[in-house]
Structure formats: C-alpha cells, structure tokens
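Data block below; observations after.
The values are calculated or read from the model by the stated rules, or taken from the named source; none is laboratory data. Note that this is a predicted model, so its numbers are computed, not measured. Cβ coordinates were reconstructed from backbone atoms using ideal geometry, including for glycine residues, and neighbour counts include every protein chain displayed. To get the accessible areas, we keep the full protein, side chains included, count just its heavy atoms, and leave off ligands, DNA and RNA. Shrake-Rupley method; radii C 1.70, N 1.55, O 1.52, S 1.80 Å.
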Amino acid sequence: YGAPLHSYCKTGVTTPITIVFSRLQAPFQMGRMCYSSSVPTTKLFIDGKFVESNTSEWLDIHNPATNEVVSRVPKATHTEMLAAVDSCSRAYASWSDTSILTRQQIFLRYQQLIKENIKELARLITLEQGKTLADAEGDVFRGLQVAEHACSITSLMMGETLPSITKDMDTYTYRLPIGVCAGIAPFNFPAMIPLWMFPMGMVCGNTYLMKPSERVPGCTMLLAKLLQDAGLPDGTLNIIHGQHAAVNFICDHPAIKAISFVGSNQAGEYIYERGSKNGKRVQSNMGAKNHGVVMPDANKENTLNQLVGAAFGAAGQRCMALSTAILVGEARDWLPELVERSKALRVNAGDQPGADVGPLISPEARARVEMLIQSGVDEGATLLLDGRNVHVKGYENGNFVGPTIIGNVSPAMKCYTEEIFGPVLVVLEADTLDDAISLVNNNQYGNGTAIFTTNGATARKYTHEVDVGQIGVNVPIPVPLPMFSFTGSRGSFRGDTNFYGKQGIQFYTQIKTVTSQWKAEDATTKAAAVTMPTMR
C-alpha cells in the first residue's frame, strides 16, 4: 500500500501478505489513466489459492483520509466466478461429511489466529475504511466473538428426540448443512460482518462463497489466509470481488442455496427479491434510523457521553449508530451541553494518535452527508453544530465531516426520513414518553433504539411498546453478543431468520426428521400385518 509489501507483514502475521496481494507486472490502461506497477492488486481466493484475476476491469481502493490510491481490486470475470462456486460445490461433499469435532477444531485454531493478528487486521481496516485504529480493533473483536461462538457448534447444532412416540417407535431430528452459501458484505465493518457470515455457515458444514465490499477487501483476504492456516480444506471458502455482476451471479447461480447480506436498503431489497425468486434463503440486514429517547430523570453525565459516542463514533457509518435523539420534557434543556461535548471530539486520520472521528468512506459519501445537512437547514431546522468544511491539517484531501447536530427537526424533514450514515445527530423533542414511542414506531426502520432513564417502570413500558428489534436500556448501541441473534426488524430486515446465535444456526441448516420403529415382537413374529397402522 504505497510501500514495500513486506513492510506490512508485522510481527504476529502468520503468512506474509504478499500471498494476498500482488503487484502488477507492468503498467496498464484503465479508462484514461495509466497505472504503474507500484500499486498492489487484490487477488481472488479460489480453490485454496490466491490467484491474480484475468479481468480487464479494476476498481481503485482509496485511503479515505487522503484519497490516494492504495490498491486495486478486480471485477471478477464470469469464468472466475464460476470457478469459485464450482470449487465450493466440489468441496461440499467431503466438508459436509467431515466430523463436527474436526470442524470445531479448525475454528478453535482460527479464533486464536485472529487474536494474534488483531492489530494487523485493524491496520488494514483503517487504511481502506478510515475508522480509527481503536475502533478498527473493536470491529475485529466483535467479529472474533462470533468466530468464538462458532466453536460451540457441538451444542448449537444438536437435534431433538422423542422416544416411544407410540409403541416401539421413536422420532428424532438432525440438523444438516444446506449446501453452498454466499455472503455479501458492506464497507463499514470489514471484519465484523464477514465474520458474522462464513464462520457460522462453514462450521455447520456448508461451503462458502464470500464477496467482501469492493471498497475494503484487504481485511477479508487476510481473514481467509488465517483460516487457511488454521487447517481449512481447499475449496471450502472461495472469495470473489466485484459489484453488480457479482451480486447478480450470487443471486442467480443454482448451486448457491442461501445468501447473507448486510448493506443499504436499495441493495438489500433487490437481493432479497431476486435471490428469493430463485428459491434461495436470504437474510438481509439493511438501513436504520436509530432513536435514543432521553428521559428527564436519566443520569445526565452518562447519557450525554453515550449520545456523543454512539452518534459520532466510526464517523456515524454504523447501521446501529444512534443517529436520532428524542429529548423528552425537560431533557431538552441538555441540548447546549450535548453540543459542547460534541465539539470536543477530534477529527483526524484514523491512524493518528488521539483521533476520535475519522473520514467518511468516499468523496461521494461526504457530498451526500453535506447535502442532507443542508436539506435540514433549508427545511427550517436549526444547525447547532456544523461539521462541514472541517480542516484536518496534513489531510486536506480527505473525506472529513466533523460532528454535526441539527435541532428543531420534524419527522417530515429529509434529514430525518433518510439514513444519513455520517457523523450527524438529528434532535427531535417530545412532551411525553408516549409521544416518543409514537415517533419511533411511525418511523419505517426497526433496527435499534435506546432509552435513557433511571425509572424501571419507564424502561419496561418502552421495551414492551416500542416496535424495534434491538433495544438498549441505558445502552446506546445494543448489538447483541453472539449467543443471541442480531434481530433488526421492519424496514431494517428482510427474511425470517436473523444473523448468528440460534437464528444463524437455523439459517445455515435444514432439519431432517427420522421416525423409526423396531417392534419388540419382530424377533419372533413372522406373520405380516396388513391392516392400516393406527399409531397406538
């Protein structure tokens, strides 16, 4: 990435990253620009090998803090995508027949390798995605927790039994893998979201075709190498790169039985519809507008700190970001202090010491966020803190927007109805808890919400009446740990089975029910029974 590749092979990396990335042998033309051989390219991972794509179409990967090209990712050709899914299909028979203890052992080794390489994974995330190094490590850690949970597969995948359902008859079920599965990941969590997908799918006995975001492929490629080092058989995990053609390929190919997707509403609705029409299982986590309801009896210091961190962490590029505050009653008086605390956050490149808020992923993302901020002003909202035109010394070309707070927002405003996906907090006011609940329930999204209060009855009323999948009580970003499931709902989710936890196991397995009869008298009786069985 702009330096000899061996310089990124830090202590603890099991295999040099030159395995994952390679330099082009000669300059080549792309559009009107000529690229030199100094820019590394991302490889495909097919049949256990990191291979250079034969494509003529490449996408630039930019460092969001500088907009410099740091790598290039291929749009995989149709032939390469076929090779990847065929590799998954060939490997499925032996992998699905591999003992569950063997699969468990691979993932036990894998989670240890992730721990050993967490800083290198975080560096790759910060380079390509822009989030701070501390936040990038958190990204990896939350994914690691799912990989650790996958090691519980010997308990998670148990079936059910009912002996003596009638005389001499028993019924029992097996949980079995479903075949080749595929994952399509977003840019905002380069480690966590892929680790929601392929470890759970593969430990159940499925093979997996992964398409990381074309904007941030580096972390996923290193994760694949670490899994190979853990003993994964060739062909059980394959990785392709690309955009629309790759997504359509995954939705259409008959060998793929299930698709996991996290990303925008437009893409999620499309993938759910197209994949479902082709008979595939689809789980699709999509957009959000997460509300933080602040009651006047809340712990003021804690609540203000929680709001600031949840709204502006990761530059607001989280599907669970607390992007909307509803100040109830006298809590509206806290708004000036909320603004002052937000001003104190430091905007800088993610790898710089003390950085709190890094850049957005692209110039287009920055332009969209700034447009939505302006739309609030144009529609009559009050711009209490303006993060546009923030200056970051030494990173003048970066995609930076500073913390922004918009007050006097009404539910009809565009800055409220659309997911901003940037470091912007919109603030609404409500007279009562019932009014706040009504606001939340009238919003199309149901991903996450939080209430801040010291009153148990208030918290109970809110958790029971609000129509949102994931609720925090004095917890601003209530992403469940992996022994539970990520349960976004309504406009934030399509499908009937959620990610990881018990729901994840159900998504990646199918039930086989066996009813068997071994009559006690069969050892001695030789006459045939010709009457209708009555199950008594």
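Structure values in brief
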| read-out | value |
| --- | --- |
| Matching option when the condition is open to solvent by less than 30 Å² (accessible area, probe 1.4 Å) and assigned to a strand (DSSP E or B), among L327, L335 | L327 |
| Some residue of the stretch 76-84 being open to solvent by 10 Å² or more (accessible area, probe 1.4 Å) and closer than 21 Å to W196 by Cα | no |
| Selection within the stretch 145-159 - part of a loop (DSSP other than H, G, I, E, B) and either over 21 Å from L113 (Cβ atoms) or open to solvent by less than 30 Å² (accessible area, probe 1.4 Å) (or both) | C151, M157, M158, G159 |
| Residues (in a loop (DSSP other than H, G, I, E, B), farther than 16 Å from R281 by Cβ and under 15 Å from the mean Cα position of the chain (by Cα)) located in the stretch 463-501 | I477, P478, V479, P480, L481, P482, T487, G488, S492 |
| Yes/no for T173 being within 22 Å of T102 (Cβ to Cβ) and open to solvent by 10 Å² or more (accessible area, probe 1.4 Å) | no |
| Within the stretch 83-107, tally of residues that are part of a helix (DSSP H, G or I) and farther than 25 Å from G218 by Cβ | 14 |
| Qualifying positions in the stretch 212-253 - within 18 Å of S96 (Cβ to Cβ), out of contact with any strand residue (DSSP E or B) (no Cβ under 9 Å at 6 or more places or on another chain) and not small (G, A, S) | L232, P233 |
| Residues of the stretch 91-130 classified as closer than 30 Å to L360 by Cβ and either acidic (D, E) or touching a strand residue (DSSP E or B) at 6+ places or on another chain (Cβ under 7 Å) (or both), total | 3 |
| Number of the exception - G504 against (1) among the small types (G, A, S); (2) modelled with pLDDT of 95 or more; (3) part of a helix (DSSP H, G or I) | (2) |
| Criterion violated by I271 - all others in (1) crowded, with 24+ Cβ neighbours inside 10 Å; (2) assigned to a loop (DSSP other than H, G, I, E, B); (3) of a type outside the set (S, T, Y); (4) modelled with pLDDT of 95 or more satisfied | (2) |
| Sole residue being part of a loop (DSSP other than H, G, I, E, B) and within 15 Å of A147 (Cα to Cα), chosen from G201, G205 | G205 |
| Enumeration of residues in the stretch 230-258 that are among the small types (G, A, S), surrounded by fewer than 18 Cβ atoms within 10 Å (Cβ to Cβ) and in a loop (DSSP other than H, G, I, E, B) | G231, A255 |
| Leading residue by the ranking (modelled with the lowest pLDDT) among those in the stretch 442-454 that are out of contact with any Lys or Arg (no Cβ under 9 Å at 6 or more places or on another chain) and open to solvent by 10 Å² or more (accessible area, probe 1.4 Å) | N442 |
| Test: R388 is surrounded by fewer than 21 Cβ atoms within 10 Å (Cβ to Cβ) and touching a residue at least 24 places away in the same chain (Cβ under 8 Å) | no |
| Filtered residue count, the stretch 87-106, keeping only those that are more than 19 Å from S155 (Cα to Cα), surrounded by fewer than 20 Cβ atoms within 10 Å (Cβ to Cβ) and in contact (Cβ under 8 Å) with a residue 12 or more places away in the chain | 3 |
| Options V73, V39, V69; residue that is surrounded by 18 or more Cβ atoms within 10 Å (Cβ to Cβ), aliphatic (A, V, I, L, M), out of contact with any helix residue (DSSP H, G or I) (no Cβ under 6 Å at 6 or more places or on another chain) and modelled with pLDDT of 95 or more | V73 |
| Residue in the stretch 64-78 that is in contact (Cβ under 8 Å) with a residue 40 or more places away in the chain, of a type in the set (V, I, T) and in a helix (DSSP H, G or I) present | no |
| Residue list for the stretch 244-263, restricted to those being touching a residue at least 60 places away in the same chain (Cβ under 8 Å) and more than 16 Å from C181 (Cα to Cα) | A245, G263 |
| Identity of the residue in the stretch 511-531, more than 18 Å from P163 (Cα to Cα) and surrounded by 10 or more Cβ atoms within 10 Å (Cβ to Cβ), that ends up modelled with the highest pLDDT | D522 |
| Given (1) under 16 Å from G231 (Cα atoms); (2) open to solvent by 50 Å² or more (accessible area, probe 1.4 Å), index of the condition Q111 fails | (2) |
| Restricting the stretch 347-379 to residues that are surrounded by fewer than 19 Cβ atoms within 10 Å (Cβ to Cβ) and touching a strand residue (DSSP E or B) at 6+ places or on another chain (Cβ under 8 Å), the residue that is farthest from T417 (Cα to Cα) | S362 |
